[in-house]
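Here's the structure we're looking at; comments come further down.
Quick note: the coordinates plus some simple rules give every number you see, no bench work behind them. Note that the structure is a prediction, hence the values are computed from the model and not measured. Quick reminder, even Gly has a Cβ in these numbers, built from the backbone with ideal geometry, and neighbours come from all protein chains shown.
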Amino acid sequence: MRRSLALFAVLALMIHAPMSSAQVPADAAHPAAGGPSAPSGPAHTRPDSLHLPPEPGSFPRTWISGTDCAQDPAIQVHAYNDDFLILRQSMCLNYEAPFMYLIFGEERAILFDTGANGNPPVASTVYREIDKWKLRNGVSDYQLVVAHTHGHGDHVANDDQFQGKPDTVVVSANLNAVKSAFDLPNWPDGASEFDLGGRTLDILPIPGHQSAHIMVYDARTQLMLSGDSFYPGFLFISNFNQYRESIAKLVAFAADHPVTWILGDHIEMTSTPGVAYPYGTSVQPDERALPLTLAMLHELDAALQAMRGNPHSEVHDDFIITP
Ligand SMILES: [Zn+2]
Ligand SMILES: [Zn+2]
């Protein structure tokens, strides 16, 4: 859909606004609980995260996974911490059961993805969480940016719930809109930063699964959002060479940005290594955990490099390459 020039001007201001000094997390010896053991990241080199441990957070013991459709909420909301929420759409509404991410800065929040069909109450859930955050932080003037990891239907289906809402900017998931909104004119080259006020996200083009796919990195939690490019499930690839280059870019990015966990948009693996639920399954009582590690990203990168010229399906413990 077409965005107005005024909207882009607002977004451009956000992108080019000066970065605030990084916030020092209070206590962050261990980044997360409830997932696999903590990876040891490379040394910090980014000025605003130099020597700062990641803001701590946690994952739920289980996500809603289609096992109790009478009781499960349409959307599960989990606070990784007070300023970083993970939402999951119920598998009872749509087998894709995508994850969505709501990240709070001092001046605005950004939502990555609006979920799949099935009419989940994404907007009312998100605005309720924003109202709670504003109350907790004594903030009255606040904005919401709605954007996407990529443009597939199971991540953009509920954009219309946000259209025309106050203090809300919806960035269309088409490539031109993504390039403009995130200031990435040389796509797929280059990278950019998106300012939420006191919190800057790194944005990296990573086409291959889909042509307008981005990676989002949050220096405060050191979480990397990998969308459908890397998650515990079937890694579907539309352009193999682009995808291989994009995964290599993620590895290079992680070489000088410490990463606690890599969070994707779906879970399709079971808790048994190398075993996935058949694609399209809508009851998954024994899912693998959501977070992936940097070591697993390296494993994917090595496998893709070895497949040059000969892309083929390959089952790994935590993901299945599916060209
Ligand atoms: Zn996708
Ligand atoms: Zn998807």
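Under a 5 Å amide H cut-off, with hydrogens placed 1.01 Å from N, VAL146 pairs with LEU111, VAL169, VAL170, VAL171 among residues at least 5 apart or on other chains. Taking the square roots of five times each eigenvalue of the Cα gyration tensor of region 248-323, the equivalent ellipsoid has semi-axes of 23, 17, 9 Å, listed largest first. Taking amide H as placed 1.01 Å from N in the peptide plane, ALA276 has its amide H under 5 Å from the amide H of THR270, each at least 5 places away in sequence or on another chain.
Which order do the peptides 147-158, 272-283 come out in when sorted by mean C-beta neighbours inside 10 angstrom, highest first? Walk me through the numbers on the way to the answer.
Working: 147-158: 22.4, 272-283: 13.2.
Descending packing order for the listed peptides: 147-158, 272-283.
Order the peptides 124-130, 223-229 from the highest to the lowest mean number of other Cβ atoms within 10 Å of their residues.
Values: 124-130: 18.6, 223-229: 25.9.
Those peptides, ordered most packed to least, come out 223-229, 124-130.
Normalised by residue number, the volume inside the convex hull of the Cα atoms of region 114-230 is 112 Å³ per residue.
By the Cα gyration tensor, region 128-186 has an equivalent ellipsoid whose semi-axes, rounded to whole angstrom, run 25, 14, 10 from largest to smallest. Would you list which lysines come within 26 Å of LYS179, measuring only between C-alpha atoms, while excluding same-chain residues fewer than 8 positions from it? LYS179 reaches LYS165, LYS249. Karplus-based coupling profile of region 85-98, in residue order and whole Hz: 9, 10, 10, 10, 6, 5, 5, 5, 8, 6, 4, 5, 6, x, with θ = phi - 60° in 6.51 cos²θ - 1.76 cosθ + 1.60 and x standing for Gly or Pro.
Using the count of nearby Cβ atoms within 10 Å as a rough guide to exposure, how do CYS69, CYS92 rank from fewest to most?
Working: CYS69 13, CYS92 22.
Listed from fewest to most nearby Cβ atoms, that is CYS69, CYS92.
Bridges between two residues of region 188-323, per DSSP, are antiparallel at a rate of about 70%.
Note on region 164-278: Cα-Cα pairs beyond 20 Å make up 47% of the total pair count.
Tell me, what is a quarter of the convex hull surface for the C-alpha atoms of region 173-215, in nm² with one decimal? Value for region 173-215: 2.8 nm². Less than 5 angstrom separates the built amide H of LEU235 from those of ILE320, ILE321, THR322, all sequence-distant by 5 or more or on a different chain. When ARG108, ARG220 are sorted by how many other C-beta atoms sit within 10 angstrom of their C-beta, beginning with the fewest, the order is ARG108, ARG220.
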